[in-house]
Each structure stands twice: as C-alpha cells, then as structure tokens.
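The values are calculated or read from the model by the stated rules, or taken from the named source; none is laboratory data. In this text, all values refer to a predicted model and were calculated from it rather than measured experimentally. Every residue, glycine as well, gets a Cβ built from its backbone with ideal geometry; the counts of neighbours run over all protein chains shown. Ligands, DNA and RNA are excluded from the accessible area calculation, which covers all protein heavy atoms including side chains. Shrake-Rupley method; radii C 1.70, N 1.55, O 1.52, S 1.80 Å.
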Amino acid sequence: MSRIFITGSTDGLGLAAARTLMKEGHDVVLHARSRERASAIAEISATALGLVIGDLASATETRSIAEQVNAIGRMDAVIHNAGIYLERSRGETPEGHAKTLAVNVLAPYLLTAWITRPDRLVYLSSGMHRSGSSALDDIDWKKRPWSASQAYSESKLYIATLAAAVARHWPDVLSNAVDPGWVPTKMGGAGAPDDLEMGHLTQTWLAASDAGAAKVSGGYWYHRQRREAAAEVGDLGFQDALVGRLEELTGLRLFA
C-alpha cells in the first residue's frame, strides 16, 4: 500500500480520488485551502493519514503545505490535482502573480521542489492545453489584456510540459500528466459530458497501480489511455525555456 498526497482534495476530482485510494487501502494525505474548507471533509479526514492546510495562491502557504507533508513522512506519490478555472480578472497573489498561474502552475512547481521526492508524480492538465500559447514572455499576464480562458489553457499547457520535464530530468520518478476530461464537478459544471468516475480513476491508477501499463513516465493520459499532447509538451527547448521562466518567477531552481 502507498502513501499518497492529493492537493485540492476537499471536493470534485481530488475528493473522489482520495475516497477511491482510501477504499483500496492506501494511506492518503488530504489538502484543504482553509480550515473552513477542511471542516467539509471531517468525515473522510478522520480516517486519512493526514490533512494539511494552506492556500496554493500564496508561496508562503505553499511552503507550509510542503513542510506539513514532509513532517508526516515521505510520500510514495503526489497527485497535483488542485486548480482554478475561469477567473474573472488576473487577480494578484501576495507575491504579485496572476492567480491562475500561481495556483495551476507555480504551486505545483514549488511543491515538486519542496516535497521530499516521491516515486510517482501526477499532474492534472486539460484538453484545453492545446489552445495554450507557446510564447513565454508574458506568462504572468502583466502586459496582455486578461483572458480567463486563455490563461487557463496556457496554465494547463505549462503543467503538462512540467510533467514531461520532470520525467526527463528525474528518471527515477514516474511523472505523468492527465486530462480528466470535461467532467461534472463544481469546476466543470453539471452539464459536463465526460465520465466523472473515469475523470479521477486515471490519476489514482497512475499513482498507485502495480500494473505494468501504469508504471511508465512522460505520458499524457486520458481515461487510462495515452494520448498525443500538444507538440510543445515534448519539445525539449520549450521545456527548458518554461522551467527557466518558472525559476525566474519563483526564485527556486528545480533541476540542478
């Protein structure tokens, strides 16, 4: 059985993944943005290995999340599930970053660096990543007019690319990106057409399964099937350029 940390596990896909993994007998560490959000999952958190609290929009709180996880012990897998969708405005985090970028990309980057390295990493992307721009000069949306949809698409391009870069730089870690589909969660809306169960079973499978098909790295997955990601994801130059920009924005180097 594995120890698995899941970000954003108070509702939606993250909570469904946690329930599935716990039912299978795994030790799960849950994450809530605030104590108020944590109270909503009191029933499941009582039987979880642990519960950590912190807002991923804040680098300081993200550091605290990593410290809380590390205090529990080394994880076998981390599922970077948390994300935000269509923000009405750029917003501004305590560090001055666009909120969509901070939560969807910078926080997973920081947690990847700060949490004791696990055996497996799973990053939640989206089919919308294919609409993301490969231009990296304004990924923090300081010059362009705000576009919620474009910002989200770009964030999901970046996270799929980060997953591929981790797979390349850390051959001892199984790192994959997952498109859960357009599923009927609070984020996706009640009318979303994709299968909610398959939306979370791919990441639980990649995080914990002993099946040979799940023990691979560098993949982009949809409903337990490998799919072709946007060309940028596998482009080594784009990977390096993106990681360089994330290093600039966070002040933290991920790869030596």
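In segment 219-229, what residues are modelled with pLDDT of 95 or more and open to solvent by 60 Å² or more (accessible area, probe 1.4 Å)? The answer is ARG226, ARG227, GLU228.
For segment 60-89, a tally of residues being under 19 Å from SER153 (Cα atoms) and either free of Cβ contacts under 8 Å to residues at least 12 places away in the same chain or open to solvent by less than 40 Å² (accessible area, probe 1.4 Å) (or both) returns 5.
Residues in segment 113-140 that are in a loop (DSSP other than H, G, I, E, B) and open to solvent by less than 20 Å² (accessible area, probe 1.4 Å): ILE115, PRO118, SER125, SER126, GLY132, ASP138, ILE139, ASP140. Selection of segment 51-68 for residues being within 18 Å of ARG37 (Cα to Cα) and outside any strand (DSSP E or B) yields GLY54, ASP55, LEU56, ALA57, SER58, GLU61, THR62, SER64, ILE65, GLN68.
Checked across segment 233-255, the condition of being among the hydroxyl-bearing types (Ser, Thr, Tyr), assigned to a helix (DSSP H, G or I) and in contact (Cβ under 8 Å) with a residue 24 or more places away in the chain holds for at least one residue. Taken as a whole, the structure leaves ALA148 outside the set of residues that are free of Cβ contacts under 8 Å to residues at least 12 places away in the same chain and surrounded by fewer than 24 Cβ atoms within 10 Å (Cβ to Cβ). The condition of being out of contact with any His (no Cβ under 7 Å at 6 or more places or on another chain), open to solvent by 50 Å² or more (accessible area, probe 1.4 Å) and not in a loop (DSSP other than H, G, I, E, B) does not hold for GLU92.
So that you can scan it fast, the table gives a plain yes or no per residue for (1) at pLDDT 85 or above; (2) within 18 Å of THR10 (Cα to Cα); (3) assigned to a loop (DSSP other than H, G, I, E, B):
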position	(1), (2), (3)
ARG168	yes, no, no
PRO193	no, no, yes
LEU201	yes, yes, no
TRP205	yes, no, no
SER217	yes, no, yes
